[in-house]
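This report concerns only the one structure given below.
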Amino acid sequence: MATEHRPGTAGTGLHTPILDWYAANARDLPWRAPDAGPWGILVSEIMLQQTPVARVLPVWRDWMARWPTPAALAAEPPGEAVRHWGRLGYPRRALNLHACARAITAEHGGRVPAGHDELRALPGVGEYTAAAVASFAFGARHAVLDTNVRRVLARAVRGEEFPPKATTAIERRLAESLIPPVDAPRWAVAVMELGALVCTARTPRCAGCPIAAGCAWRLAGQPAYDGPERRGQAYAGTDRQCRGRLLAVLRDAPGAVPKAALDAVWADATQRERALDGLVADGLAEALADGTYRLPG
DNA sequence: TAGCCGTGGCG
DNA sequence: TCGCCAAGGCT
């Protein structure tokens, strides 16, 4: 078969085993269903940013049942988007999605735009998400470089355990060189799925990997990562945790809450005020004239 | 560009 | 137990 795209030297022979593996092992996710539509796919991509599939599933179903179109969400106050975001995390994504809905309604006739550049201009839609929606919803041919794809390519092609902290031009060129001429979206989702299920960050399941035999990292003896320190973010006691506590109070209340209800969930007054001001500045909370607070109306 | 922005499960 | 990590984006 001469169906293999000519990828130069690196990555030769990845396509067939990965596509075959995906055909047999793909998860049945609702946003992959034929009837998901561009809106369902956009909602899923924003929700999946830095968030595991298992936690997104119930929230995605609720959102799509509640707001099946961009116009439906656009008709709501932004606070309703934040409320139904629940505990997905990074709640500004709910505001982003709400702003997306209003922009799509006002500027694109209520339909999610198909072009990468138009998608990229939507709030909260960066390079990855624009490429993913253009690809998965509209069949476009883009390099879809998420953390899974970057890790698979780092190992299989570059022979390193982890990719660099920030996406490099080298990585992008490699990913672009690997895009097959046909079925580019299927290739993209297949590599992502391989990274999510087999070529995982912590304990890769190399025994079940369709490209293990040709994996540069394996062939090199799985050398440990030796790049710059990858320091994780602390959480306990941070402004982020404080913001989360405060927002949970607003989210779980039907209307405005007295300030005392917010004061009760965080002891350090200085930090609490800073966090609350931050939420208001970010549009996640609203301070009313009577001194109470609520989700943005 | 490095730091910030939530949350919870797992090894 | 607790650090690491999960389909990033923005400034």
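Bear in mind these aren't lab numbers, they're just calculated from the coordinates by the rules spelled out. Since the structure is predicted, the reported quantities are computational estimates derived from the model, not experimental observations. FYI the Cβ positions are ideal-geometry reconstructions off the backbone, even for glycines, and counts take in every protein chain you see.
Residue order for A:Cys242, A:Cys199, fewest other beta carbons within 10 angstrom first, comes to A:Cys242, A:Cys199. Positive-end ranking of A:Thr51, A:Leu246, A:Leu14 along the dipole of chain A, with charges on Cβ about the Cα centre, is headed by A:Leu14.
Under the rule of -39500 (n - 2.57) per DSSP H run of 4 or more residues, summed and divided by the residues of chain A, what mean residue ellipticity at 222 nm is obtained, to the nearest 500 deg cm²/dmol? Don't jump to the answer; show the numbers that get you there.
Working: 15 runs with 153 residues, N = 297.
Only helices count here, giving -15000 deg cm²/dmol.
Taking a ≥ b ≥ c as the square roots of the eigenvalues of the alpha-carbon gyration tensor, region A:30-138 is classed rounded because a/c is under 1.5. The C-alpha atoms of chain A define a longest principal axis, and helix A:15-25 lies at about 50 degrees to it.
Fewest Cβ neighbours within 10 Å first, please rank A:Tyr90, A:Tyr22, A:Tyr225 accordingly.
Numbers: A:Tyr90 16, A:Tyr22 20, A:Tyr225 11.
Lowest count first: A:Tyr225, A:Tyr90, A:Tyr22.
Please determine, in degrees from 0 to 90 and to the nearest 10, the orientation of helix A:169-178 with respect to the longest principal axis defined by the Cα atoms of chain A, where the helix direction is its Cα long axis. Relative to chain A, helix A:169-178 is tipped by roughly 60 degrees. Extension gain, A:Ala264-A:Thr203: 0.36 nm per intervening residue step, less the Cα-Cα distance, totals 17.8 nm. Helix A:269-281 and the longest principal axis of the C-alpha atoms of chain A enclose an angle of approximately 70°. Shape call for region A:95-141 from the C-alpha gyration tensor, a ≥ b ≥ c root eigenvalues: rounded (a/c under 1.5), prolate (a/b greater than b/c) or oblate? Note, shape of region A:95-141 comes out oblate.
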